[in-house]
Protein chains: 2
Amino acid sequence: MSSDPLPKARRTGKATVHDVGRLAGVSGRTVSRVINGEPSISPGTLERVKAAMATLEFEPNMAARSLRSARSFSLCLLTAHISNFYYAEVIRGLSRACSARDRRLIIQECSIQQAMRAPAGLLKSLNTDGCVLLPPLCDAAPLLDALDDVGLSYVRIAPAADPGRSPAVFSDDEAGVRDLVRHLWDLGHRRFGHIAGPPGHYATLARSRSFTASLLEAGAEPADIAEVGMRSVDDSPEESRRLGRTLAYAGGLALDSLLARPRPPTAIFAFSDELAIGAVARAQHLGLSVPGDIAIAGFDDSDIGAMIHPALTTIRPPLAKMMDEAVDRLVAGSAGRPIFRHPVELRVGPSTDPRFHPEP
Amino acid sequence: MSSDPLPKARRTGKATVHDVGRLAGVSGRTVSRVINGEPSISPGTLERVKAAMATLEFEPNMAARSLRSARSFSLCLLTAHISNFYYAEVIRGLSRACSARDRRLIIQECSIQQAMRAPAGLLKSLNTDGCVLLPPLCDAAPLLDALDDVGLSYVRIAPAADPGRSPAVFSDDEAGVRDLVRHLWDLGHRRFGHIAGPPGHYATLARSRSFTASLLEAGAEPADIAEVGMRSVDDSPEESRRLGRTLAYAGGLALDSLLARPRPPTAIFAFSDELAIGAVARAQHLGLSVPGDIAIAGFDDSDIGAMIHPALTTIRPPLAKMMDEAVDRLVAGSAGRPIFRHPVELRVGPSTDPRFHPEP
DNA sequence: AATGCCTATGTCAACGATGACATTGTACGC
DNA sequence: GCGTACAATGTCATCGTTGACATAGGCATT
């Protein structure tokens, strides 16, 4: 029998730090240091270890890493409802940001109620280093408490108006809405309508307040600023899903009630592209021309808004950058980080601007 | 000093199998058996252990489980491009199916090229028990080889026409297209157009072939069946993303070329809702009434198709069920499982059926 | 009664990386 | 020339669970 300590038969074919170390002429501990980018590795050693890792196609065993270091190297998107409208961009952004930092991205759909019912269970079992919370969960103080309790770090995605505690990544929705108001005003509109978002969300508040404030500032008559809400959104996934299917209809209904006013608006700003699309479809159904008879704008810059006829005027939050910041906060920590309001971009399209599509 | 073996100070506040065992009066090993649902636990023991787990809010340490048992308890959605159109439903379905089986869902965006360039790296580092491969990767034999090489199990999502090797979850696209053809034929249409999907995907082939075959069977003149493709889709995420933004425009261009034919079609079937939406928007831009002048149908039953005006006639694959089967195959294995073609559902809407929306 | 078999449970070590701590070597200051 | 400091690396035990194997008791079979 060889006295040379050959690698023991392992269940997985994978190389371990010790295999790499043996090949590079160092201990496994040193290989570990290289993996973790610890300082005080001599350049020569670094080189040899890296070469050995490449030769053996070494990939660190995440389970062992997690077990020993009590980190999971994964982040979680925790959200009440995965919709079609901007989640693709959110998930894409998170996925890339995670890849870039060598983290896994876990998706967990979970209503506040679920999270509350079994916070210990669900939140602990997530087994993750941190969570990204998307708008539907933004104002959920109890959930944040539960997360604090189990010691999970998190980042909320929120509009700048959000006075909430705790780390958050902000978009400057207010500024975007101001730009939109200027655009509509410059087109000559004087009577305005707003289709508000789901109640209880800071984004709903932020966009609505900014719309009204900007209009007043521009010189609009208070009587010519109308706002209609949509019916309350239950956060259970089933209900949200059902509503996801009908949110556009809610936009249509809201349009109806705006048009029923004595002095109906000529320009409408909807909380989201989804509501705006419903409003556009409803207007078309009523035989109205958009934007000829009524201008309609949304928020999100969803792919879909760009595909309908007429393409929506909308406001684009830089989701990719925001997700990048979110992941960075979770990985690197938020300590001492200044609040940054990610600027949003007004994207003018034919749904408000007649110059885009000459009527046939 | 107490001789009672109190729980040692642990880094995390969490209870371990031993803590639970002590409380329940059994060994940690038995607790482990309960966790894993192993047989041959006496009912009394089972009861006490479960009670102890509840009392201590015990959650098994995933890292330790993974390390010891060489499983990761997580599944991965591996896809080239996360789009807005049906990914929400796919991810929702996977997320729930995973939750139900106590698995984590990891999302990995990854082009074939990326996967090929560093298969060892990327695929190994995924650290997952199995992968769900979505259409853009369906025909990627090299990727499947790479997955086989690293011993990762996987399930493809595919149309039934796909002759590919290996486990897959099938939807019966052909049957759905046949139903659609019957619907269009019954409405009196006799000249047809098809907007084909991205080249090289089995779904493109399946839907296109079934459309033509069903029409011929119904008695259509071969000269009155037109098909136009869309330009080739590169699978790099950047390119896909860019195309994601413009796929609807591709639908519009395709419509133009169908309308330019000597005997233009009166009914059009697009490979996807996304292409169909572009075609509808283009038709409306040209001043055509949908479905008055031209009927347009899609595929996917995306939320968005239901929101535009007119709402799309489309074909609904039961994605939630399919994702459930996919997860089940990965968790429980595919051995001896018969192929099941998930039936799809024709959903008729006003984009083909004039009875839905009386012209104003 | 001895044998075998099965059920229910326990003991022990090991999965692979890393925290805590130890050790060597080298440079620097006085 | 000796102490101190720090850089570079090694040793060892450990994270929490489970695979491999052992054991104790019960029942049936011969």
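Just give me the residues in region B:90-106 being assigned to a loop (DSSP other than H, G, I, E, B) and at the interface with chain A (Cβ under 9 Å from one of its Cβ atoms), in sequence order.
B:D102, the sole residue that qualifies.
Each row is one residue, and each column tells you yes or no for (1) within 14 Å of chain B (Cβ to nearest Cβ); (2) more than 8 Å from DNA strand C (Cβ to nearest atom); (3) surrounded by 14 or more Cβ atoms within 10 Å (Cβ to Cβ).
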| site | (1), (2), (3) |
| --- | --- |
| A:D19 | no, no, yes |
| A:R22 | no, yes, yes |
| A:N36 | no, no, no |
| A:I41 | no, yes, yes |
| A:R48 | no, yes, yes |
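If the Cβ limit is 7 Å and pairs must be 6+ apart or interchain, which residue in region B:220-237 that is farther than 18 Å from B:S272 by Cα pairs with which residue that is modelled with pLDDT under 90?
These pairs meet every condition: B:S236/B:S111; B:S236/B:Q113; B:P237/B:A80; B:P237/B:H81; B:P237/B:E109; B:P237/B:S111.
For region B:57-81, what are the residues that are more than 16 Å from DNA strand C (Cβ to nearest atom) and at the interface with chain A (Cβ under 7 Å from one of its Cβ atoms)? Can you show your working first?
Here is the first cut: in region B:57-81, the ones more than 16 Å from DNA strand C (Cβ to nearest atom) are B:57, B:59, B:74-81.
Correct list: B:E57, B:E59.
Could you list, in sequence order, all residues of region B:189-201 that are more than 22 Å from B:T266 (Cα to Cα) and buried (at least 21 other Cβ atoms within 10 Å of the Cβ)?
B:P198, B:H201
More than 16 Å from DNA strand D (Cβ to nearest atom), touching a residue at least 12 places away in the same chain (Cβ under 8 Å) and out of contact with any strand residue (DSSP E or B) (no Cβ under 7 Å at 6 or more places or on another chain): does that describe A:T55? Outline the logic, then answer.
Working: more than 16 Å from DNA strand D (Cβ to nearest atom): yes; touching a residue at least 12 places away in the same chain (Cβ under 8 Å): yes; out of contact with any strand residue (DSSP E or B) (no Cβ under 7 Å at 6 or more places or on another chain): yes.
Answer is yes for this residue.
Residues checked against (1) of a type in the set (S, T, N, Q); (2) modelled with pLDDT under 95; (3) near DNA strand D (Cβ under 10 Å from one of its atoms):
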position	(1), (2), (3)
B:A9	no, yes, yes
B:V20	no, no, yes
B:I41	no, yes, no
B:V49	no, no, no
B:E59	no, yes, yes
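What residue, among those in region A:287-311 that are modelled with pLDDT of 90 or more and closer than 14 Å to A:P265 by Cβ, is nearest to the other protein chains (Cβ to nearest Cβ)?
Restricting to residues being modelled with pLDDT of 90 or more and closer than 14 Å to A:P265 by Cβ, the top hit is A:L288.
Exactly one condition in (1) surrounded by 24 or more Cβ atoms within 10 Å (Cβ to Cβ); (2) hydrophobic (A, V, I, L, M, F, W, C); (3) within 14 Å of another protein chain (Cβ to nearest Cβ) is false for B:A326; which is it?
Against the list (1) surrounded by 24 or more Cβ atoms within 10 Å (Cβ to Cβ); (2) hydrophobic (A, V, I, L, M, F, W, C); (3) within 14 Å of another protein chain (Cβ to nearest Cβ), B:A326 comes up short only on (3).
Within region A:190-212, is even one residue under 27 Å from B:E59 (Cβ atoms) and touching a Leu at 6+ places or on another chain (Cβ under 7 Å)?
no
Within region A:69-83, does at least one residue satisfy the condition of being surrounded by fewer than 20 Cβ atoms within 10 Å (Cβ to Cβ), farther than 23 Å from A:G130 by Cβ and more than 9 Å from DNA strand D (Cβ to nearest atom)?
no
Please list, ordered by first then second residue, the pairs with beta carbon atoms under 6 Å, 6 or more apart or interchain, first in region A:84-100 and crowded, with 22+ Cβ neighbours inside 10 Å, second among the polar types (S, T, N, Q).
A:N84/B:N84; A:F85/A:S302; A:Y86/A:S302; A:A88/B:S83; A:A88/B:N84
The values are calculated or read from the model by the stated rules, or taken from the named source; none is laboratory data. Everything quoted here is computed from the prediction, not taken from an experiment. Cβ atoms come from the backbone with ideal geometry, glycine included; neighbour counts cover every protein chain shown.
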